[in-house]
Amino acid sequence: MKIKDVQAQVLQSYEYPTGGWVLVRVRTEDGVEGLGECFVPDNKGRAAFAARDLITGSFAQSLLGRDILDIAASWEALYGVCCSIYDRRGLAIHALSGVDMALYDAAGKSLGVPVHKLLGGAFRDRIPLYISSVFIDLDRFDDALRATADYVEQGFGGIKYYGWPDFGQKPTRDQDLLRQLRQAAGTDADLMLDLGRPHGLAAALQTAQMIEDSGARIFWWEEPLSTSDDADNMAQLTARTALTIAAGESELTAFAFRELVQKRVVDLLQPDLSWVGGLTEGRRIGELARLHRIPVVPHNWGTQINFAASVHFVAALPDGFLCEYPITPRSRGAGHPQVFVADTATPQIPSPMMTALASVPVVVEKGHAWVPQGPGLGIELDEAAVKKYTLP
């Protein structure tokens, strides 16, 4: 079961027309092919192509001839490449993530077992999903209310919101709108906020208090401050508000998450398997979080490949309870990357990376994902769709 070939191709969709994902294929001498994905969201350059070239160049040279089951050793070899080019927290880790994911898929297929078996086994056979994400356009707020009610009717137990660029600057208005969202969702659904980027700790504390006082019972507030650039203030915010503060999607490797855990920077960790270092690092982060009793809900804004990997990951977490489901139309940001505006040029459809890329996707029913039981990740690609969305 030696690795024979490593290939990669850049995928694009309407939200990332210059390339946003790198599809990784690792093949063995026995003809087994493993699939992986790394997310490189670059709308203005060719970062995804740089990741692709690293995968098919230095990474491939380090992997050829290795046993497909030696995943941990392969990860360390690739991390050594990252260190050799002085990129332990950047694009190289994104690339490593996609390769690591493909190694797990190939190993599972070689053994005839699902990926969650390689992670220690599944604690559950289906995973509750939360909708990611309903865009808040204040000029069309009723659209968000209708979407909220519709998703709850479909059986989803959680909904996350983004957009709303001036969130927190008009407290009375914002509290009223939060209450309307709660009314539309009913009493049982969880509501999450991925919006409002206060400038500093004082403003963040004021906004957090406003959210609490609204009575909307928000489950978590996501990345109100930067964990990478403002970890100390984020830790103070976490300690001084009753809100659950969630973050971690911007962090790379378990080393970065060690800092978040040791300093208790957040209440809930959100590693993204397609850039944190793959399933290998996800597993380490899960163990680290469990030892410190911090819940983990993986971030996912990718394709069916990362979605499948995330479902296996959550299934294998002893305390896993929720997975992100990026199935809404995606509005792209303008200006500052954290400020979102309505984009009339963006098709109002879910990303084809979730709806068209796989001929056999993860099965979703009544707000839950069934944990795939087939070999590897348990999904199959639609090669015609892959060809359609591949950039040369």
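The values are calculated or read from the model by the stated rules, or taken from the named source; none is laboratory data. Keep in mind the model is a prediction, meaning the values are calculated, not measured. Positions of Cβ are generated from backbone atoms using ideal geometry, with glycine treated the same way; all protein chains shown enter the neighbour counts.
So is T172 of a type outside the set (A, V, I, L, M, F, W, C) and touching a helix residue (DSSP H, G or I) at 6+ places or on another chain (Cβ under 8 Å) or not? When the stated conditions are applied, T172 does not pass them.
Selection of segment 116-141 for residues being within 18 Å of the chain's Cα centre (by Cα) and either in a helix (DSSP H, G or I) or of a type in the set (V, I, T) (or both) yields H116, I127, I131, V134.
Checking each residue in segment 283-313 for being closer than 16 Å to G248 by Cα, among the aliphatic types (A, V, I, L, M) and in contact (Cβ under 8 Å) with a residue 40 or more places away in the chain picks out only V297. Residues considered: D176, D188, D150, D166. Of these, the only one that is assigned to a loop (DSSP other than H, G, I, E, B), in the same structural domain as I245 (by TED's automatic domain parsing), modelled with pLDDT of 95 or more and not polar (S, T, N, Q) is D188.
Table: residues versus (1) assigned to a loop (DSSP other than H, G, I, E, B); (2) touching a Pro at 6+ places or on another chain (Cβ under 9 Å); (3) surrounded by 20 or more Cβ atoms within 10 Å (Cβ to Cβ).
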{"residue": "T238", "(1), (2), (3)": "no, no, yes"}
{"residue": "I245", "(1), (2), (3)": "no, yes, yes"}
{"residue": "A254", "(1), (2), (3)": "no, yes, yes"}
{"residue": "R258", "(1), (2), (3)": "no, no, no"}
{"residue": "V266", "(1), (2), (3)": "yes, no, yes"}
{"residue": "S274", "(1), (2), (3)": "yes, no, yes"}
{"residue": "E281", "(1), (2), (3)": "no, yes, yes"}
{"residue": "I285", "(1), (2), (3)": "no, yes, yes"}
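Selection within segment 181-236: residues that are among the acidic types (D, E), within 21 Å of the chain's Cα centre (by Cα) and surrounded by 16 or more Cβ atoms within 10 Å (Cβ to Cβ). The member of this set that is nearest to K263 (Cα to Cα) is E223.
Cβ-Cβ contacts under 6 Å between residues 6 or more apart (or on different chains), taken from a first residue in segment 257-278 that is at positive phi to a second residue that is at pLDDT below 95 and of a type in the set (S, T, Y), are absent.
Taken over segment 1-50, the criterion of being surrounded by 18 or more Cβ atoms within 10 Å (Cβ to Cβ) and basic (K, R) is satisfied by R25 alone.
Scanning segment 60-99 for residues that are part of a loop (DSSP other than H, G, I, E, B) and of a type outside the set (F, W, Y) gives L64, G65, R66, I68, L69, D70, I85, D87, R88, R89, G90. No other residue among V134, V152 is buried (at least 19 other Cβ atoms within 10 Å of the Cβ) and in contact with a strand residue (DSSP E or B) (Cβ under 7 Å, 6 or more places away or on another chain) apart from V134.
Could you please give the count of residues in segment 47-81 that are in contact with a strand residue (DSSP E or B) (Cβ under 7 Å, 6 or more places away or on another chain) and not β-branched (V, I, T)? The total comes to 11. Of all residues in segment 80-106, which are touching a residue at least 60 places away in the same chain (Cβ under 8 Å) and more than 21 Å from Q7 (Cβ to Cβ)? Scanning segment 80-106 gives R88, R89, G90.
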